[in-house]
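Below: the structure, in structure tokens.
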Amino acid sequence: MTGSLAGTDWTYIPTSRHVVALTFDAGANADAVSSILATLQRYGVPATFFLTGNFVRDFPAAARSIAAAGERIGNHTISHPYLTQLTDAAVREQITGAARQIIAVTGKNPARLFRFPYGAADARTIAIVNQAGYVPVRWTVDTLGWEGTAGHITAAVVAARVLAGLRPGEIVLMHVGSNPDDHTTFDADALPQVITELRARGYSFVTLAALTG
């Protein structure tokens, strides 16, 4: 990959327009997928979903439902490791192997959108991702909905975090899974309020395709 998109793990969409990209990482489980998709459809909002290979293997019906809803799909590696701790060859296999699994299950190619597990990236791994044909995309704000009640999170806290980070091109990180301990789904619970409050502030919604042209 060449040009202005290379060499950067993007934390926002470079724009002056009042747009927000809602993104959902899928790894641990699929407990909130149906709720999230229903809300997005009800409000007519597009989003981007980063899937791991293990997620599409373990939850194929959920993965297919995301694709069938027309949502943009990105690559989140096979098994969600710290890529900065892997060899070049192992990093490449995490990327290409996940793409193979995602295409096989959903029929959708996740290129050219990639998200580093844990946000763990450096110049070496970003270069490998670029060479594989992907733009790495981080986030402007992590809602922390995945932390559940132990993290003192509520749906209201999720919405407040999104609004506190509001800026043109904001990228919001949410998750499709429930907290493994208390099984809360605060990101899904907060989603209607997030959408309503962002629209009230004059913002509309885009997918991360806006980053790749």
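Could you tell me whether any residue of the stretch 119-129 is touching a residue at least 12 places away in the same chain (Cβ under 8 Å), in contact with a Leu (Cβ under 8 Å, 6 or more places away or on another chain), within 19 Å of Ala89 (Cα to Cα) and of a type outside the set (A, V, I, L, M)?
Scanning the stretch 119-129 turns up at least one residue that is touching a residue at least 12 places away in the same chain (Cβ under 8 Å), in contact with a Leu (Cβ under 8 Å, 6 or more places away or on another chain), within 19 Å of Ala89 (Cα to Cα) and of a type outside the set (A, V, I, L, M).
Tell me, which helices (runs of 4 or more DSSP H) wholly within the stretch 106-213 include 1 or more residues that are in contact with a His (Cβ under 8 Å, 6 or more places away or on another chain)?
186-200
Report every pair of residues separated by at least 6 positions or lying on different chains whose Cβ atoms are under 9 Å apart, first residue within the stretch 3-25 and modelled with pLDDT of 95 or more, second among the hydroxyl-bearing types (Ser, Thr, Tyr) and exposed (fewer than 13 other Cβ atoms within 10 Å of the Cβ).
Note: pairs meeting the criteria are Arg17/Ser204; His18/Ser204; Val19/Ser204; Val20/Ser204.
Would you point out which residue out of Arg138, Arg115 is basic (Lys, Arg), under 25 Å from Arg161 (Cβ atoms), touching a residue at least 24 places away in the same chain (Cβ under 8 Å) and out of contact with any helix residue (DSSP H, G or I) (no Cβ under 9 Å at 6 or more places or on another chain)?
Exactly one residue qualifies, and that residue is Arg115.
Which condition from (1) in a helix (DSSP H, G or I); (2) more than 20 Å from Ala155 (Cα to Cα) is the one that His80 breaks?
Here His80 clears every test but (1).
(1) over 17 Å from Leu208 (Cβ atoms); (2) not in a loop (DSSP other than H, G, I, E, B): which one isn't true of Ile95, the others all being true?
In the conditions (1) over 17 Å from Leu208 (Cβ atoms); (2) not in a loop (DSSP other than H, G, I, E, B), Ile95 misses (1) alone.
Quick one: which of Leu166, Leu191, Leu173 is under 22 Å from Val19 (Cβ atoms), touching a strand residue (DSSP E or B) at 6+ places or on another chain (Cβ under 7 Å), touching a residue at least 40 places away in the same chain (Cβ under 8 Å) and among the hydrophobic types (A, V, I, L, M, F, W, C)?
Answer to the selection: Leu173.
Applying the selection to the stretch 27-44, what residues are modelled with pLDDT of 95 or more and not in a helix (DSSP H, G or I)?
Asn29, Ala30, Asp31, Ala32, Gly44
Would you confirm, using the coordinates I've provided, whether Tyr118 is surrounded by fewer than 19 Cβ atoms within 10 Å (Cβ to Cβ) and of a type in the set (Ser, Thr, Tyr)?
Against the criterion (surrounded by fewer than 19 Cβ atoms within 10 Å (Cβ to Cβ) and of a type in the set (Ser, Thr, Tyr)), Tyr118 qualifies.
What are the pairs with Cβ atoms under 6 angstrom where one residue, in the stretch 30-54, is under 20 Å from Pro180 (Cβ atoms) and free of Cβ contacts under 8 Å to residues at least 60 places away in the same chain and the other, located anywhere, is among the aliphatic types (A, V, I, L, M) and in a loop (DSSP other than H, G, I, E, B)? Sequence gap at least six, or different chains.
Pairs found: Gly53/Ile78.
Out of Ser4, Ser16, Ser35, which single residue is touching a helix residue (DSSP H, G or I) at 6+ places or on another chain (Cβ under 6 Å) and over 15 Å from Pro110 (Cβ atoms)?
Just a single option satisfies the conditions, and that option is Ser35.
Can you tell me how many residues within the stretch 58-77 are in a helix (DSSP H, G or I) and either within 13 Å of the chain's Cα centre (by Cα) or exposed (fewer than 14 other Cβ atoms within 10 Å of the Cβ) (or both)?
Here the count works out to 3.
The values are calculated or read from the model by the stated rules, or taken from the named source; none is laboratory data. As the structure is a computational prediction, the values presented were derived from the model and not from experiment. Backbone-built Cβ (ideal geometry, glycine too); neighbour counts: all protein chains shown.
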